[in-house]
Amino acid sequence: MHKGYWMLVLVIVALSPAAVVAQTYSGVAVCQGCHSVPGRDQYTYWVTTGHAVAYDSVTVIQNNPSCLPCHTTGWDTTQANGGFDDFYLAQPPDQAGITKMKNVQCESCHGPVQFGGNHGDASTIRPEAEVCGS
């Protein structure tokens, strides 16, 4: 077979859903360590916004799976990605995990943590709107 044919097959296999690696979420506590100091005060600002209480402050959404994808971090029932749904849908529900991933956190807009502490060139933090809710 032609070499180009096999390259095309490899690309298709690489893009197939079965080849997708689950993303892993860490929760706002990971961001807080570095982003709550002078000059890097994103966490300090976040706790004053509605995002920080998007799950806590609206009790009617806390047991409504239709609302949870927008009020929590990492909701994707097709993957075991360490997101809110992995803890919420567990039997029995994992309260520690729920606490870690509730509300709209940094990773809801910037994507899951997959980088070193210094956010080098390999950082997956992305500011564009397309990653919102991922």
Exercise. When the range 39-71 is examined, which residues are found to be in a helix (DSSP H, G or I), more than 19 Å from the chain's Cα centre (by Cα) and more than 18 Å from GLN95 (Cβ to Cβ)?
Worked result: THR44, TYR45, VAL60
Problem set entry | Flag for LEU89 being touching a residue at least 12 places away in the same chain (Cβ under 8 Å) and more than 19 Å from VAL28 (Cα to Cα) | yes
Problem set entry | Count - residues of the range 33-80 that are farther than 17 Å from VAL104 by Cβ and in contact with a Gly (Cβ under 6 Å, 6 or more places away or on another chain) | 0
For this session: Could you check how many residues of the range 54-75 are in contact (Cβ under 8 Å) with a residue 40 or more places away in the chain and either surrounded by 15 or more Cβ atoms within 10 Å (Cβ to Cβ) or within 12 Å of THR24 (Cα to Cα) (or both)?
Result: 5
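What tally of residues in the range 92-113 results from selecting those that are outside any helix (DSSP H, G or I) and free of Cβ contacts under 8 Å to residues at least 40 places away in the same chain?
3
Coordinate-derived values only; no laboratory data. Remember, it's a predicted structure, so these values are computed and weren't measured experimentally. We place every Cβ from the backbone using ideal geometry, glycine too, and count neighbours over all the protein chains shown.
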